[in-house]
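Before any comments, here is the structure.
Readers should treat all values here as calculations from the given coordinates under stated rules, not as data from a laboratory. These numbers come from a predicted model, not from an experiment. In this analysis, Cβ positions are derived from the backbone assuming ideal geometry, glycine residues included, and neighbour counts consider all displayed protein chains.
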Amino acid sequence: MTDVNPLHEVKEIVLKKKMISMKEHYDLEDRNGMKLGVAEGNLFQFPAKFTIKDINGSELMHIEGKIFSLRKQFSLYDNAGKLLGTIKKKLVKLTRQEYWVERNGVDFIRILGNFTGLDYRMEIDGVQVATVHRKLFSVRDQIGLSITGEGVDHRVLLGALIVIEHIEVTDRA
């Protein structure tokens with residue numbers, strides 16, 4: 001692992017949500033507790049926006065919500081402003097949550113949640129590339145992202161996870 005940008009290389013990322021904050025704040029760590037970066041967004045910003053930074057404070061990507069949309073939709077951009085993908089939530093799903101990420105109008109990642117909303121599976125062409133698990137009992141909300149696929153952009157998976165967490169939290173509130 002290099003110190004240039006470990007978030008591109010780490011296969012296990014843990015998001016730890018800050019409990020008392022005027023912003024949505026997540027510490028990004030590896031499984032051993034080493035800090036890899038942060039993700040921040042304002043609670044009362046419309047549309048919602050997030051910035052993901054590495055341990056050195058350099059922006060890796062940013063996320064912007066769409067103001068007017070029938071379904072919840074967020075665009076993921078790299079630090080140069082290039083579109084990495086757009087995540088959308090399926091409007092009606094009775095048994096579980098479902099999202100997808102599309103690029104150039106074509107969906108390339110499907111994200112399927114279980115009925116409890118604690119676990120998600122990310123797939124490309126029906127092949128699992130990552131899993132997400134929310135720790136049920138912890139002092140701080142903890143969400144684990146395990147990347148199993150090769151050649152997949154970690155920023156897209158991490159960005160999708162932050163968007164899903166934001167949507168789930170705002171839907172519960």
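What is the sum of charges around Val38, taking Lys and Arg as +1, Asp and Glu as -1, for the other residues whose C-beta is under 13 Å from the C-beta of Val38?
Values: positive: Lys16, Lys17, Lys18, Lys23, Lys35, Lys53; negative: Glu24, Asp27, Glu29, Glu40, Asp54, Glu59.
So the environment of Val38 carries a net charge of 0.
Just order 153-166, 27-40 by mean Cβ neighbour count inside 10 Å, highest at the front, would you? Don't skip to the end; give the middle numbers.
On the way: 153-166: 22.9, 27-40: 16.4.
Ranking the peptides 153-166, 27-40 by packing returns 153-166, 27-40.
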